[in-house]
Amino acid sequence: SDSYPDLKRDSRFKTVSKEDVEHFKKILGSEAAILDGVTNETGEEDFEQYNSDWMRKYRGQCRLVLKPETTEQVSGVLKYCNEQSLAVVPQGGNSGLVGGSVPVFDEIVINLSRLNKVRSFDDVSGVLVADAGVILQQADEYVGKQNHIFPLDLGAKGTCQIGANVATNAGGLRLLRYGSMHGNVLGLECVLPDGTIMDDLSKLRKNNTGYDLKQLFIGGEGTIGIITAISILCPQRSSAVNVAYFGLESYEKVMEAFKEAKKQLGEILSAFELMDRQSQSLYHQASGAKLPLEGEHPFYCLIETSGSNTEHDSEKLNAFLEHVMSEEIVSDGVVAESETQLQSLWACREGISEAGQHWGGVYKYDLSIPLPELYSLVEDARKMFESNGLMHTEDETFPVKDVVGYGHMGDSNLHLNVATRRYDKEVERALEPWVYEWVAKRQGSISAEHGLGLAKKAFIGYSRSETMIRLMGKIKETFDPKGIMNPYKYI
Ligand code: FAD
Ligand code: 2HG
Ligand code: ZN
């Protein structure tokens, strides 16, 4: 591939033939379920959305997209692919940030967008059972009508799919309150590479009967099978939701504010997000949106509370605000007075990811770092770019525009985004393995919530021991002996 000079197509995999396409047509039984550039002249541009990722950084060359509508169809497709040694890439909403959801060479894309029915919801237990291809926002709206909330929320909610959320073990904005997929997913239905359906759509919270195999698919990034349905515990929706946005003088003050928020807001705290000045400026420049506070502050935080009693929550939040203002922990702040204002405060946080690539390219790092040192990475990265002369915020001849830090402070999860004017090998060489070494030295994780995909595959050793990587290899081999599932990625 021209896109990946360092990678070689695995010659064990067959190239898709006209006979293969005929076979898939029989399994799927509908024109709408196949995008076929093998037996006809379908142009490159029709494949663009399946071949290239959200950041336009990774690009494959697939000429066949399959969109099964049922678990049985997924099973039929995989069984055939396994027999014929045809490599596949499971694909959800294609919002992943590590190049995991697009082919590297000519792998067949198995897109799950048509497998999208809610199967059941029980408003007593809060258990939702739904197909993998249901879009996150739609799942949340569905359970919302019955006063529940999907236990995950993230900026890509309008496009990402719940099956893929499980496959990536997505973290998002409220993990602090509701916990991770590993705890909330009660059951899965998966199709193994040989077409076997593993039906573990349990609705039980407790089930200590043998190894918990579904956990391997949670965060498995489509390397051992395809998730076709999930069963997940949805908490009660809170009737009182408040959002506050603060400006702070230093990172030390941010840590103090977090400590106070836990102490004073405890059980109603549902998000504590961090944004630095540069990230807010980038968001403002890219979107044109007005920032909530007058003047600039080195740091900003977004706090959300969710509870069942409006009066009680407001009282608590006001007491907290009074305290952090009078102690000068926080310099300035605003509390959302309406739903519109609440949305626009959240947009200041959720909009950063997209703003990062507004100038042409972006290098994204998603890291777990112990809180006291979390922000030093951003400062060190800036120093690094200043000393090697690659960064300038105004001068367009410099490849790097700015370095910004933000993220899920409540989970010790930093997002380091290096906004560039183009994808540039020199910038990449300056960042890697520098970032990974920095994080490993502090016993952090080189991928907190986005996964490994193609982007981080080579760096797994910075976060996992050789023994663990060897065991992971064995698991992969057990489930997928022919290696057809999402090859060239993960491990
Ligand atoms: P895709 O990108 O299509 O696929 C992701 C991976 O899962 C691929 O490896 C793919 O092969 C595999 N896969 C997809 N479907 C299946 C399936 N049914 N079975 C098996 N494997 C499958 N992530 C976070 O964790 N937290 C955030 O806060 C967050 N915010 C984001 C904000 C923005 C603006 C964007 C663009 C992305 C964000 N992400 C975040 C990353 C991304 O949204 C998540 O990783 C999400 O879970 C991916 O869902 P998707 O449907 O787009 O999957
Ligand atoms: C977020 O929290 C996402 O906004 C995306 O995880 C982070 O783009 C990023 O680096
Ligand atoms: Zn995130």
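The values are calculated or read from the model by the stated rules, or taken from the named source; none is laboratory data. Please read these numbers as outputs of a predicted model, since none were measured by experiment. Note that we place each Cβ from the backbone using ideal geometry, even for glycine, and neighbour counts take in every protein chain shown.
Can you tell me which residue among Ser231, Ser202 is more than 16 Å from ligand 2 (Cβ to nearest atom), hydroxyl-bearing (Ser, Thr, Tyr), closer than 30 Å to Ala164 by Cβ and in contact with a Lys or Arg (Cβ under 6 Å, 6 or more places away or on another chain)? Spell out the reasoning first.
On the way: Ser202 fails: in contact with a Lys or Arg (Cβ under 6 Å, 6 or more places away or on another chain).
From the options Ser231, Ser202, the qualifying one is Ser231.
Is it fair to say Tyr436 is in contact with a Ser or Thr (Cβ under 9 Å, 6 or more places away or on another chain), within 19 Å of Gln285 (Cα to Cα) and hydroxyl-bearing (Ser, Thr, Tyr)? No, not satisfied. Evaluated against (1) part of a helix (DSSP H, G or I); (2) within 21 Å of Ala271 (Cβ to Cβ), Gly163 falls short on exactly one condition, (2). Per the listing Leu66, Leu86, the residue uniquely modelled with pLDDT of 95 or more and away from ligand 1 (no atom under 14 Å from the Cβ) is Leu86.
Scan the range 388-408 residue by residue and report those that are among the aliphatic types (A, V, I, L, M) and away from ligand 2 (no atom under 16 Å from the Cβ). Walk me through how you get there before you give the answer.
Just the residues of the range 388-408 that are among the aliphatic types (A, V, I, L, M), to begin with: 390-391, 400, 403-404.
Scanning the range 388-408 gives Leu390, Met391.
Ser412 fulfils the conditions (1) under 30 Å from Gln285 (Cβ atoms); (2) within 16 Å of ligand 3 (Cβ to nearest atom); (3) buried (at least 22 other Cβ atoms within 10 Å of the Cβ) except for a single criterion, (3). On inspection, Leu265 qualifies as assigned to a helix (DSSP H, G or I) and either modelled with pLDDT of 95 or more or away from ligand 2 (no atom under 16 Å from the Cβ) (or both). All conditions but one from (1) under 24 Å from the mean Cα position of the chain (by Cα); (2) without any contact (Cβ under 8 Å) to a residue 60 or more places away in the chain apply to Thr228; the one that does not is (2). Here is the figure for the range 141-163: residues that are away from ligand 3 (no atom under 14 Å from the Cβ), out of contact with any strand residue (DSSP E or B) (no Cβ under 9 Å at 6 or more places or on another chain) and touching a residue at least 12 places away in the same chain (Cβ under 8 Å) total 1.
Taking the condition within 16 Å of ligand 2 (Cβ to nearest atom) and under 30 Å from Tyr58 (Cα atoms), does Asp380 pass? Even if it seems obvious, please write down each step before you answer.
Working: within 16 Å of ligand 2 (Cβ to nearest atom): no; under 30 Å from Tyr58 (Cα atoms): yes.
Here the answer is no, as Asp380 does not meet what is asked.
Looking only at residues in the range 473-491 that are surrounded by fewer than 18 Cβ atoms within 10 Å (Cβ to Cβ) and within 16 Å of ligand 1 (Cβ to nearest atom), which one is farthest from Gly220 (Cα to Cα)?
Step one: list which residues in the range 473-491 are surrounded by fewer than 18 Cβ atoms within 10 Å (Cβ to Cβ), which gives 473-475, 477-478, 481, 483, 491.
Checking the rest, the ones that are also within 16 Å of ligand 1 (Cβ to nearest atom) come to 475, 483, 491.
Numbers: Ile475: 11, Gly483: 14, Ile491: 10 Å.
Result: Gly483.
The single condition among (1) in a loop (DSSP other than H, G, I, E, B); (2) surrounded by 22 or more Cβ atoms within 10 Å (Cβ to Cβ) that Leu188 does not meet is (1).
Matching residues to (1) within 16 Å of ligand 3 (Cβ to nearest atom); (2) over 24 Å from Gly172 (Cβ atoms); (3) of a type outside the set (Val, Ile, Thr):
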| residue | (1), (2), (3) |
| --- | --- |
| Val427 | no, yes, no |
| Glu449 | yes, no, yes |
| Gly453 | yes, no, yes |
| Thr467 | no, yes, no |
| Met472 | no, yes, yes |
